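**Student:** Can you read through this structure? Questions will come right after.
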């Protein structure tokens with residue numbers, strides 16, 4: 001993988017080791033008092049962004065300037081956006097504020113989530129040998145599986161994310177309504193998540209994303225709040241149902257699907273533990289697993305502004321609000337089922353394992369490296385203090401054997 | 001963990017303590033992580049993970065303790081699981097899906113569904129079980 005949304009700003013980094021231990025793929029090392037991200041291991045989950053006290057870790061996303069590239073711009077609103085405002089700010093007012101940023105059209109991601117929920121139901125009904133099936137929603141979890149749980153790749157549902165489907169449907173809708181060609185339309189995701197941005201630039205499961213870019217919610221939040229104070233009216237764009245909007249919090253997918261045999265997990269550390277259980281085949285009686293890298297689900301995404309728990313509570317209240325309860329008509333359901341059958345919602349490409357953990361192409365050489373690593377690890381203090389720049393003594397031992405680290409970087413060895 | 005010094009051999013050995021639910025699962029997860037680092041095929045790792053996990057849990061739950069050895073020889077992964085007794089009374093019953101002699105306490109912990117040995121057999125290319133009051137020995141081969 002070449003592109004990563006998560007980047008480090010050297011100027012702010014103090015080499016403090018806070019991010020070091022939180023990284024779920026042990027992709028961070030501290031070198032010369034600055035954090036360094038091992039690109040082949042990074043899954044863009046954004047844990048380091050959340051934990052960095054100096055805000056040195058950040059995420060690359062697009063800017064409002066990029067709207068100038070297109071004649072007609074669509075904002076695809078991540079459903080977490082609605083949790084960023086107090087509930088008395090109605091969604092239609094948020095839409096009007098977004099238009100004030102220079103967008104011509106708004107398409108709610110929740111509308112696509114409604115469709116994907118039906119698709120997931122369809123897949124579950126068909127049954128599989130690979131229970132539990134794993135939701136394809138969280139791109140950081142998919143990338144985690146590629147690196148740490150490659151044997152579970154076949155459990156992942158081969159369905160595109162609501163974000164991607166929203167971009168396709170939005171462009172189609174706009175072209176039906178207005179006389180405009182597709183190259184003149186820009187679709188921008190208002191994103192809570194760096195991994196989503198990476199998925200636009202380097203998608204998994206498809207060759208090219210229909211999304212033209214993404215802008216971090218926190219980048220435009222100030223403008224939105226100011227706009228909201230100024231606007232007089234509100235504008236009506238179609239919205240997803242409360243169930244579709246509910247996808248932004250953990251458990252939301254399974255609730256939208258109306259299923260019982262599911263496990264919903266948030267927080268990348270917890271996700272890892274449950275994926276271990278799935279790998280050991282301890283969850284065969286579970287049909288569906290939804291995992292989120294972020295605490296609370298997408299509402300906990302590092303590019304949001306509001307506290308995840310407050311945002312989550314608001315999304316729950318929207319979910320329970322009768323105003324947004326909308327059942328799909330039979331015709332609509334049939335239409336969506338046809339869409340799935342036609343392949344419009346599915347992955348076209350296979351997801352490959354990322355062998356970032358493999359120590360050597362030769363199995364026996366790799367094994368003797370493991371033995372060497374274990375021997376060195378035994379001689380280290382086992383405090384996992386991080387002073388050497390590696391997240392644990394074990395990974396430091398691996399760095400010594402595989403990446404040329406010097407054992408004298410351990411402050412206990414030179415004492 | 002004792003590893004051999006031979007250049008062209010992969011040998012792992014772990015001892016398993018009876019009734020130690022704190023450490024239960026560590027051996028199989030250790031084996032899994034080593035095989036990932038060695039670069040064994042994912043489908044094979046999955047089978048090995050299930051076999052070693054179930055064997056480990058069997059030793060923890062049902063035996064007085066024992067050990068698990070794993071070797072890579074040619075295109076085979078050979079797994080030996082051995083325990084010090086008390087042995088399986090009726091092997092053909094134990095091989096039946098859903099049959100279990102686990103206590104209620106163990107079941108409350110979420111184990112003892114009676115799928116252990118059947119699952120192990122399902123994942124193996126060669127499977128042999130011997131049991132007496134002296135102990136139980138499993139020999140499993142998984143080819144890649």
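All of the numbers you see were taken from the coordinates with simple rules; none came from a lab. All of these numbers come straight from a predicted model, not from anything done at the bench. Here the Cβ positions follow ideal geometry from the backbone for every residue, glycine too, while neighbour counts run over all protein chains shown.
**Student:** Sorted by average packing, counted as other Cβ atoms within 10 angstrom per residue and highest first, what order do A:189-197, A:262-270, A:176-184 take?
**Tutor:** A:189-197, A:262-270, A:176-184
**Student:** In nm, give the distance between the simple-model label positions of residue A:320 and residue A:130, each being 7 Å from the Cα along the Cα-to-Cβ direction.
**Tutor:** Modelled inter-label distance: 3.7 nm.
**Student:** A further question follows. Given the peptides A:40-48, A:201-209, arrange them by the average over their residues of other C-beta atoms within 10 Å, most packed first.
**Tutor:** Result, highest mean Cβ count within 10 Å first: A:40-48, A:201-209.
**Student:** Next question. Based on the mean of other beta carbon atoms within 10 Å per residue, what is the order of A:392-398, B:16-22, most packed first?
**Tutor:** A:392-398, B:16-22
**Student:** How many nm is it between the label spots at residue A:364 and residue A:55, if each spot is 7 Å from the Cα in line with the beta carbon?
**Tutor:** Placing both labels 7 Å along Cα→Cβ, they lie 5.6 nm apart.
**Student:** Compute the Cα gyration tensor for the range A:226-346, then decide on rounded, prolate or oblate, letting a ≥ b ≥ c be the square roots of its eigenvalues: rounded whenever a/c is under 1.5, prolate when a/b is larger than b/c in the other cases, and oblate in all that remain.
**Tutor:** In terms of gyration-tensor shape, oblate.
**Student:** Calculate the mean, over all residues of peptide B:29-42, of how many other protein chain Cβ atoms lie within 10 angstrom of the residue's Cβ.
**Tutor:** 6
**Student:** Would you mind telling me which residue in A:275, A:339, A:20 has the biggest mean-square fluctuation in a Gaussian network model of chain A, where springs connect alpha carbons within a distance under 10 angstrom?
**Tutor:** Evaluated over chain A, the most mobile residue of the options is A:339.
**Student:** What FRET efficiency comes out for the pair residue B:121/residue B:9, r = Cβ-Cβ distance, R0 = 22 Å, nearest 0.05?
**Tutor:** For R0 = 22 Å, the calculated efficiency reads 0.25.
**Student:** Can you tell which of A:238, A:59, A:161 shows the greatest fluctuation in a Gaussian network model of chain A with Cα springs below 10 Å?
**Tutor:** Of the options given, A:238 has the highest mean-square fluctuation.
**Student:** Sequence gap at least 6, Cα distance under 8 Å: using those rules, report the relative contact order of the range A:1-60 to the nearest whole percent.
**Tutor:** Reported as a whole number, the value is 46 percent.
**Student:** With contacts defined as alpha carbon pairs under 8 Å and 6 or more residues apart, what's the relative contact order of chain A in percent?
**Tutor:** 21 percent
**Student:** With springs connecting C-alpha atoms under 10 Å apart, model chain A as a Gaussian network and identify which of A:36, A:63, A:321 has the largest mean-square fluctuation.
**Tutor:** A:321
**Student:** Using a/c under 1.5 as the rounded threshold, could you call chain B rounded, prolate or oblate? The axes a ≥ b ≥ c are square roots of the C-alpha gyration tensor eigenvalues, and prolate needs a/b larger than b/c, oblate otherwise.
**Tutor:** Judged from the Cα gyration tensor, chain B comes out prolate (a/c at least 1.5, a/b above b/c).
**Student:** Can you give the mean number of other chain Cβ atoms that lie within 10 Å of the Cβ atoms in peptide A:275-284?
**Tutor:** Rounded to a whole number, the mean comes out at 5.
**Student:** Quote the FRET efficiency, to the nearest 0.05, computed for residue A:66 versus residue A:379 with a Förster distance R0 of 45 Å and r equal to the Cβ-Cβ distance.
**Tutor:** 0.30
**Student:** Also: Using only DSSP helix segments of four residues or longer, with each worth -39500 (n - 2.57), what per-residue ellipticity at 222 nm results for the protein assembly as shown after dividing by its residue count and rounding to 500?
**Tutor:** The helix-only estimate for the protein assembly as shown comes to -11000 deg cm²/dmol at 222 nm.
**Student:** Could you work out how much longer the chain between residue A:402 and residue A:330 gets when fully extended? Use 0.36 nm per residue separation minus the Cα distance between them, nm to one decimal.
**Tutor:** Working it through step by step, the gained length comes to 20.1 nm.
**Student:** Kindly identify the range A:26-145 as rounded, prolate or oblate by the Cα gyration tensor criterion: order the square roots of the eigenvalues as a ≥ b ≥ c, call it rounded if a/c is under 1.5, otherwise compare a/b with b/c, prolate if a/b is larger, else oblate.
**Tutor:** In terms of gyration-tensor shape, oblate.
**Student:** Right, another one. How high is the relative contact order of the range A:361-415, given as a whole-number percent (alpha carbon pairs under 8 Å, six or more residues apart)?
**Tutor:** Relative contact order comes out at 30 percent.
**Student:** So how far apart, in nm, are the two label points at residue A:172 and residue A:11 if each is 7 Å from Cα heading toward Cβ?
**Tutor:** Roughly 4.5 nm, to one decimal.
**Student:** Rounded to the nearest whole Å³, what is the per residue volume of the convex hull around the Cα atoms of the range A:113-270?
**Tutor:** In the range A:113-270, the Cα hull volume divided by residue count equals 154 Å³.
**Student:** I need the calculated FRET efficiency for the pair residue B:104 and residue B:78, taking r as the beta carbon distance and R₀ as 35 Å, to the nearest 0.05.
**Tutor:** After rounding, the FRET efficiency stands at 0.50.
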